[in-house]
1. State the number of residues belonging to segment 80-102 that are surrounded by 18 or more Cβ atoms within 10 Å (Cβ to Cβ) and within 26 Å of Arg144 (Cα to Cα).
2. Output the residue which, of all residues in segment 42-59 that are assigned to a loop (DSSP other than H, G, I, E, B) and at pLDDT 95 or above, is most open to solvent (accessible area, probe 1.4 Å).
3. In segment 64-118, what residues are within 16 Å of Thr129 (Cα to Cα) and free of Cβ contacts under 8 Å to residues at least 40 places away in the same chain?
4. Within segment 139-174, can you find the residues that are closer than 20 Å to Glu72 by Cβ, modelled with pLDDT under 95 and in contact with a Phe, Trp or Tyr (Cβ under 8 Å, 6 or more places away or on another chain)?
5. Exactly one condition in (1) polar (S, T, N, Q); (2) open to solvent by less than 60 Å² (accessible area, probe 1.4 Å); (3) without any contact (Cβ under 8 Å) to a residue 60 or more places away in the chain is not met by Thr123; state its number.
Amino acid sequence: MALLALAMLGLGFAAVPLYRMFCQVTGFGGTTMRSATGVAPGSVVGKLINVRFDANVSPNLPWSFAPEKKVERVAIGAREMAFFTATNLSDHPITGTATFNVTPELAGAYFTKIQCFCFTSQTLKPGETVRMPVIYYVDPAILRDKEAGKFNEITLSYTFFPDKSAVDSERAGG
């Protein structure tokens, strides 16, 4: 019984990372893909699709955060770049981390980010404003998916939160 209890405890701790890996591999829940090679597939399809950008900030983070363009019309398969702007509205440095998703959820499996500010935490000095790029493409395989191929718009949404590990480190004096 003790062995079973330890196994269940271990599974409980492993559930979150395993779920995150599952979502990253399958695009489940609107999780985007991440390019291992850093390049788009090279086959640009003639079809265009709208990519809408959404930006949110936790009430616990005194930042303003917004996309420079709310919508871009892009060619499927083409490497694209979008910019977001963030400003620290406080009088002290703050580190934030962004979570993201794609809607419709099924499109997450075909939306691939090559480079993104969301891959690492961002530290802004008091009053500092930064431009943060996202380099991405919509995989042409989306057109072979009977449901996803019907989409004419994909929304990429970000929410910035205070980085808990940075807050804990700052409190500890590190």
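The values are calculated or read from the model by the stated rules, or taken from the named source; none is laboratory data. Everything numeric in this text was worked out from a predicted model, so none of it was measured. All Cβ positions, even for glycine, are placed from backbone atoms using ideal geometry, and neighbour counts span all protein chains on display. To get the accessible areas, we keep the full protein, side chains included, count just its heavy atoms, and leave off ligands, DNA and RNA. Shrake-Rupley method; radii C 1.70, N 1.55, O 1.52, S 1.80 Å.
1. Going through segment 80-102, the residues surrounded by 18 or more Cβ atoms within 10 Å (Cβ to Cβ) turn out to be 82, 84, 86, 88, 94-98, 100-102.
Keeping just the survivors that are within 26 Å of Arg144 (Cα to Cα) gives 82, 100-102.
Residues meeting the conditions: 4.
2. Looking only at segment 42-59, we keep the residues that are assigned to a loop (DSSP other than H, G, I, E, B), and these are 42-47, 58-59.
Add one more test, that the residue is at pLDDT 95 or above, and what stays is 58-59.
Values: Ser58: 10, Pro59: 133 Å².
Here the answer is Pro59.
3. Of everything in segment 64-118, those that are within 16 Å of Thr129 (Cα to Cα) and free of Cβ contacts under 8 Å to residues at least 40 places away in the same chain turn out to be Ser64, Ala66, Pro67, Leu89, Ser90, Asp91, His92, Pro93, Phe117.
4. Passing the criteria: Asp139, Ile142, Ala148.
5. It is condition (2) that Thr123 fails.
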